[in-house]
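Note sheet for the following structure.
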Amino acid sequence: MKFSSYTNTALAAAEEGAAVLMKYYNSVLDIEYKGEIDPVTQADKNSQKAIIKVIKDVFPQHGILAEENGINEIEKDYCWIIDPLDGTVNFVHGIPMFCVSIGLKYKDEIISGVIYSPVMKEIFMAEKNKGAWLNGKKIKVSKIKDTIHSLAATGFPYYIRQNNTRVMKNFKNIVLEAQGIRRLGSAALDIAYVACGRFEFFWEEGLKPWDIAAGIVIAKEAGGKVSDYLFSDASVFKDTMIASNGTAVHKEILKIINGKK
């Protein structure tokens with residue numbers, strides 16, 4: 001597949017960021033905390049610097065929204081939404097489930113995305129109207145249509161200690177309906193795994209734009225459905241998300257979350 005310069009730049013930036021992460025992986029880290037359980041390391045920060053440099057060298061006028069340095073230019077028509085290390089807790093503990101996630105927003109739509117899992121050597125890519133790809137092979141969501149045979153993924157927001165009523169209620173109700181639930185520790189990878197058919201659905205709240213930007217276009221281009229908890233289209237401006245294989249499973253999960261089942 002021949003991608004645009006946008007997607008090719010996202011790939012080049014993700015590769016640079018991932019190379020930085022691998023230099024630090026399983027080494028001594030300088031760990032700071034943005035919240036009680038929300039770490040950040042020099043790997044996050046240096047990966048982000050490398051990613052932004054690649055993008056700005058090609059598109060100096062584009063905006064940046066990035067997790068680690070407070071840059072917020074989301075109002076620009078073209079804005080790159082960057083998570084230099086999704087799965088920092090995993091990374092700190094030497095668990096290989098982490099990735100670089102880069103999405104490009106044009107106006108209110110994500111038009112390109114790359115999720116790179118460097119330890120697994122997996123690169124998920126998508127561009128609007130060009131399909132979704134994993135390591136150069138086209139991917140599609142699964143065809144399972146019932147929740148009891150669906151494998152799900154979720155995560156817990158950092159505010160769970162302060163406000164966990166809805167989170168735990170949804171977890172309990174969905175685990176009783178699904179085949180099983182996995183918690184990888186990376187929302188970007190959860191969504192990518194829905195796109196390639198490993199999971200049937202993912203749900204989570206308390207999300208930030210950089211958690212889901214790339215995943216939105218990858219899931220859609222793989223034939224999936226993405227929405228918020230109210231069944232409106234998923235957006236980086238919303239903090240709840242369901243990503244599914246687009247079958248009846250999506251409506252069933254919405255019913256559970258909204259107390260209609």
Can you check how the C-alpha radius of gyration of the stretch 48-143 compares to 2.2 N^0.38 Å, as a plain ratio?
1.15
Starting with the highest mean, order 105-115, 58-68 by the number of other Cβ atoms within 10 Å, averaged over the residues of each peptide.
105-115, 58-68
Listed highest first by mean packing, meaning other Cβ atoms within 10 Å per residue, what order do 240-253, 135-148, 212-225 come in?
212-225, 240-253, 135-148
Karplus 3J(HN,Hα) series, Hz, for the stretch 167-179 with 6.51 cos²θ - 1.76 cosθ + 1.60 (x for Gly, Pro)
4, 6, 5, 5, 4, 4, 5, 6, 4, 7, 9, 9, 5
Nearest 5 is fine: what % of DSSP beta bridges in the stretch 1-109 come out antiparallel, could you say?
75
Yeah, the stretch 147-257 with a ≥ b ≥ c from its alpha-carbon gyration tensor (a/c under 1.5 is rounded, else prolate when a/b outruns b/c, oblate otherwise) is rounded
Expressed as a whole number of Å, what is the distance separating the alpha-carbon centroids of the stretch 150-225 and the stretch 237-261?
10
Largest fluctuation, 239, 228, 30 only, Gaussian network model of the chain with Cα springs under 10 angstrom, belongs to 30
Fraction of alpha-carbon pairs over 27 Å apart in the chain - percent
32
Taking θ as phi - 60°, what are the ³J(HN,Hα) couplings along the stretch 149-155 by the Karplus curve (6.51, -1.76, 1.60), each to the nearest whole Hz, with x for Gly and Pro?
9, 9, 9, 10, 9, 8, x
Simple SL model, points at 7 angstrom along Cα→Cβ for residue 106 and residue 31; separation in nm is 4.2
Nearest-0.05 FRET efficiency for residue 74 and residue 163, computed from C-beta distance (R0 35 Å)
0.90
What is the set of long-range amide H partners of residue 78 at a cut-off below 5 Å, with H atoms built 1.01 Å from backbone N?
63, 107
So, by mean Cβ neighbours within 10 angstrom, what's the order for 161-172, 18-29 with the highest one leading?
18-29, 161-172
How large is ³J(HN,Hα), in whole Hz, for each residue of the stretch 100-110 in order, when computed from phi with the Karplus curve 6.51 cos²θ - 1.76 cosθ + 1.60 and θ = phi - 60°, using x for Gly and Pro?
9, 10, 9, x, 10, 9, 10, 6, 10, 10, 7
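Every read-out reported here was derived from the displayed coordinates using simple, explicitly stated rules and does not represent laboratory data. It should be emphasised that the depicted structure is a prediction, and the values quoted were computed from it without experimental measurement. Counting neighbours? That spans all protein chains shown, and the Cβs are built from the backbone with ideal geometry, glycine included.
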